[in-house]
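Let me begin by presenting the structure, written as structure tokens, before commenting on it.
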Amino acid sequence: MRHLLSAGDLTRDEALLILDTARELAQVGERSVKKLPTLRGRTVVNLFYEDSTRTRISFEAAAKRMSADVINFSARGSSVSKGESLKDTALTLQAMGADGVVIRHSASGAARRLAEWVDGAVVNAGDGTHEHPTQALLDAFTMRERMGRLEGLRVAVVGDIRHSRVARSNVLLLNTLGAEVTLVAPPTLLPVSVDAWPCEVSYDFDEVLPKSDVVMMLRVQAERMNASFFPSAREYSRRYGLTAERFARMADHAIVMHPGPMIRGMEISAEVADSARSTVVEQVTNGVSVRMAVLYLLLGGAIQGPGHQGETR
Amino acid sequence: MTDTVRYLIRDARILGGERADLLLASGRIEAIGQGLSADGAEVVEAAGAVALPGLVDLHTHLREPGREDAETVATGSRAAAMGGYTAVFAMANTDPVADTAGVVEQVWRLGREAGYCDVYPVGAVTVGLKGEQLAELGAMADSPARVRVFSDDGMCVSDALLMRRALEYVKAFDGVIAQHAQEPRLTEGAQMNEGVVSDRLGLAGWPAVAEEAIIARDCLLAEHVGSRLHVCHVSTKGSVQIIRWAKSRGCDVTAEVTPHHLLLTDDLAESYDPVYKVNPPLRTAEDVQALREGLADGTIDIVATDHAPHPSEAKETEWSQAAMGMLGLETALSVVQHTMVDTGLLDWAGVAQRMSAVPARIGRAVDQGRPLAVGEPANITLYDPTATRVVDPAAMASKSRNSPYAGMTLPGRVLATFLRGVPTVLDGKIQ
């Protein structure tokens, strides 16, 4: 594995290796000194063409906990805003010796393009409506921690599937890991060829809800309403929102997930978001561990779990 | 160029059939026969190569005026000659748009000055390609450029009433509206064919219905008002079916397919390399098969390149920001051989019909697309179908390099192109 561009590129063994490594690295976050020397001397560039504070600081914390040097390159206020192309930015990063580039971009495929122009490892931190593989990994990590397994787990993903990079990555990864995914959305918010995806599809949230072990809610942007994907926020919420009433019909052991940012009152009610069965905060914590694992495995650090004094290479 | 030199093409297979010599003099074919005497003429050894009437491209973007960094009339017409073309129709989406007699005259004059092929300017249907108001179609028709083909190519004349008026109006001077069929609302932000691949790649889809709905509407309109309609770059199976149906009803519709839609499919977008980004988008293998069959059975009348040069910076970007279009002139005949001739769907006479005679007729280019016969204009392409080559964009005559065939091995090679008896290409080299 040289880059992490798509969750679909991961074999089952590779995905499990990342999750297992993340679990080991998670212990660092529980220590008083949250630091490993693993990536000392390595440079990780966070190349963010979209505002995403949550994802950027997650990657930044992950890299810093392993002692990497972190350069944050935000498109706003940089040469990019003066019209520099992605290719020229890539060549600049290359010349500065970036060992890893974490890229967030509004264009689908931007991470893949970047990987052709730099020698370092490229991590896709969300490209347009294509994929967000580390989100899927942290979601899988969270499910496994909470439910104890992924194999056979019934996962409902509810919301704007068509425009969601989170949904694409989750469908691919969860399928690889043996979970059973059902996508739930109004037909307008499903991809045209969704029947070819390795998952089930339903338009009826209430029918899927009681059978699910995990209910993952996705954000639905209000602008979709203006483009006639659904008539009104209220109607959407009524048919596809996770209200307290629906929450009560979930299986007792089932959990609620959300990649954030949430729109309370739209796809998820406040009391559900704040309930003990909501993993929203854990997902954030786990995000750091999973991203540590990804950077560690891609940049070739040495495992330095608690009690080890191994050399970095 | 001088026409005092006479040329004897020795041992060519006319339309891939009988072997004969052709003597060219004073811009015309003076004699055809076996063992003709050179008698002072320059001898060009065809050695069994196929002789075709000079190719005619009804759909070329020469980019001048306005985007001379991508192509000029001079470089584009050299690329045309290298591809075996003796005439090209230059699309109107230049800057300024070719929507006045002044601009079409300029393009026409630049073509004559370059001298590598006849350049027929296409006039815009609407002012500025905006789809709001008819351009002065009559003024362009009456100008020295004698415009007969009108198109907002790149943009669809989506307003049904405006399309009806345009179809009606050009009847006065035997013009034709060449429609870029793309329903704009169904393709807002569209990046590639809508289907399994676009859904996987997260690229906004370009549904086949956006093309087919416009074609169906326009065929009905053309039938209603008794006008000629030409459909640009047909790309879907459904479009082929609709045109077949319209023709069966007696609608006076013609249609073109590009070489790239005869060969390439949407899964090439998996690389996110925008060299494969084009309008209309590459479709599925099923569409490709239907297009080949449609071209073979005459539902689709012609091959047109939609040669669309772009500078490298317009393609070395993220997919969604890249320009749409690909080079076509210098590879068209090879792609047609590969997809239509080598597959047994067309013979060389059929190729000559679809790449020379019929496009010339649709565009009313009177001295082009003529048969290879004594007394006819000496517009001739000599083509060796037994050769093979690896496509190298860096070696092309076009100013741009955005060929989707880079690195591919394609059959055939243009040996020579004659424009009114004068070689524009000899020995595969531009003259």
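Descriptive notes on the structure:
- Filter result for A:Asp13 (modelled with pLDDT of 95 or more and out of contact with any His (no Cβ under 8 Å at 6 or more places or on another chain)): yes
- Of everything in segment B:363-394 that is part of a helix (DSSP H, G or I) and small (Gly, Ala, Ser), the residue that is farthest from B:Ala51 (Cα to Cα) is B:Ala394.
- Selected residue [in contact (Cβ under 8 Å) with a residue 40 or more places away in the chain and not assigned by TED's automatic domain parsing to the domain that holds A:Ala62] from A:Ala233, A:Ala185: A:Ala185
- Failed item in (1) surrounded by 16 or more Cβ atoms within 10 Å (Cβ to Cβ); (2) part of a loop (DSSP other than H, G, I, E, B), with B:Met140 passing the rest: (2)
- Options B:Val231, B:Val253, B:Val170, B:Val240; residue that is hydrophobic (A, V, I, L, M, F, W, C) and either within 14 Å of chain A (Cβ to nearest Cβ) or over 30 Å from B:Tyr276 (Cβ atoms) (or both): B:Val170
- In the set (1) at pLDDT below 95; (2) touching a helix residue (DSSP H, G or I) at 6+ places or on another chain (Cβ under 7 Å), the condition left unmet by B:Gly412 is number (1).
- Residue count for segment A:25-61 satisfying the condition of being of a type outside the set (Gly, Ala, Ser), assigned to a helix (DSSP H, G or I) and buried (at least 23 other Cβ atoms within 10 Å of the Cβ): 3.
Residue-wise test of (1) touching a residue at least 24 places away in the same chain (Cβ under 8 Å); (2) more than 25 Å from B:Asp152 (Cβ to Cβ); (3) surrounded by fewer than 20 Cβ atoms within 10 Å (Cβ to Cβ).
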{"position": "B:Ile215", "(1), (2), (3)": "yes, no, no"}
{"position": "B:Val240", "(1), (2), (3)": "yes, no, no"}
{"position": "B:Asp267", "(1), (2), (3)": "yes, yes, yes"}
{"position": "B:Ser271", "(1), (2), (3)": "no, yes, yes"}
{"position": "B:Thr284", "(1), (2), (3)": "yes, yes, yes"}
{"position": "B:Arg292", "(1), (2), (3)": "yes, yes, no"}
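- Enumeration of residues in segment B:224-242 that are part of a loop (DSSP other than H, G, I, E, B) and either more than 10 Å from B:Ala255 (Cα to Cα) or of a type in the set (D, E, K, R) (or both): B:Gly226, B:Ser227, B:Arg228, B:Ser235, B:Thr236
- Test: B:Arg112 is of a type in the set (Lys, Arg) and assigned to a loop (DSSP other than H, G, I, E, B): no
- Number of the exception - A:Phe229 against (1) modelled with pLDDT under 95; (2) part of a helix (DSSP H, G or I): (2)
- So A:Asp88, is it among the acidic types (Asp, Glu) and modelled with pLDDT of 95 or more: no
- Taking segment A:90-186 and the helices (runs of 4 or more DSSP H) fully enclosed by it, the elements with 2 or more residues that are more than 14 Å from chain B (Cβ to nearest Cβ) and over 21 Å from A:Glu223 (Cβ atoms) are at A:133-147, A:165-176.
- Residue within segment B:336-348 that is in contact with a Ser or Thr (Cβ under 6 Å, 6 or more places away or on another chain) and among the aliphatic types (A, V, I, L, M) present: no
- Residues being among the hydroxyl-bearing types (Ser, Thr, Tyr) and outside any helix (DSSP H, G or I) - total across segment A:236-250: 1
- Just so you know, in segment A:187-214 the residues that are assigned to a loop (DSSP other than H, G, I, E, B) and more than 13 Å from every other protein chain (Cβ to nearest Cβ) include one that is surrounded by the fewest Cβ atoms within 10 Å (Cβ to Cβ), and it is A:Asp204.
- Taking segment B:22-93 and the strands (runs of 3 or more DSSP E) fully enclosed by it, the elements with 3 or more residues that are under 17 Å from B:Met326 (Cα atoms) are at B:55-60, B:85-90.
- Being more than 9 Å from chain A (Cβ to nearest Cβ), in a helix (DSSP H, G or I) and in contact with a helix residue (DSSP H, G or I) (Cβ under 9 Å, 6 or more places away or on another chain) holds for only one residue in B:Ala210, B:Ala181, and it is B:Ala210.
- Any hit, segment B:161-169, residues being in a loop (DSSP other than H, G, I, E, B), over 23 Å from the mean Cα position of the chain (by Cα) and either within 23 Å of B:Glu270 (Cα to Cα) or modelled with pLDDT of 95 or more (or both): no
- Matching entry among A:Ala244, A:Ala248, A:Ala254, A:Ala233 (being small (Gly, Ala, Ser) and either under 21 Å from the mean Cα position of the chain (by Cα) or within 14 Å of chain B (Cβ to nearest Cβ) (or both)): A:Ala254
- Close pairs from segment A:195-208: first at negative phi, partner of a type in the set (Gly, Ala, Ser), Cβ under 6 Å, at least 6 apart: A:Val208/A:Ala156; A:Val208/A:Ser202
- Single match in B:Gly102, B:Gly123 (criterion: out of contact with any Phe, Trp or Tyr (no Cβ under 8 Å at 6 or more places or on another chain), of a type in the set (Gly, Ala, Ser) and on the phi < 0 side of the Ramachandran plot): B:Gly102
- Selection from segment A:266-303 of residues that are within 30 Å of A:Ser232 (Cβ to Cβ), surrounded by fewer than 16 Cβ atoms within 10 Å (Cβ to Cβ) and not small (Gly, Ala, Ser): A:Glu271, A:Asp274, A:Arg277
- Sole residue being free of Cβ contacts under 8 Å to residues at least 12 places away in the same chain and either within 27 Å of B:Asp118 (Cα to Cα) or within 14 Å of chain A (Cβ to nearest Cβ) (or both), chosen from B:Gly202, B:Gly138, B:Gly154: B:Gly202
The values are calculated or read from the model by the stated rules, or taken from the named source; none is laboratory data. Predicted model only: the values in this text are computed from it and were never measured. Here Cβ is always computed from backbone atoms with ideal geometry, including for glycine, and neighbour counts include all displayed protein chains.
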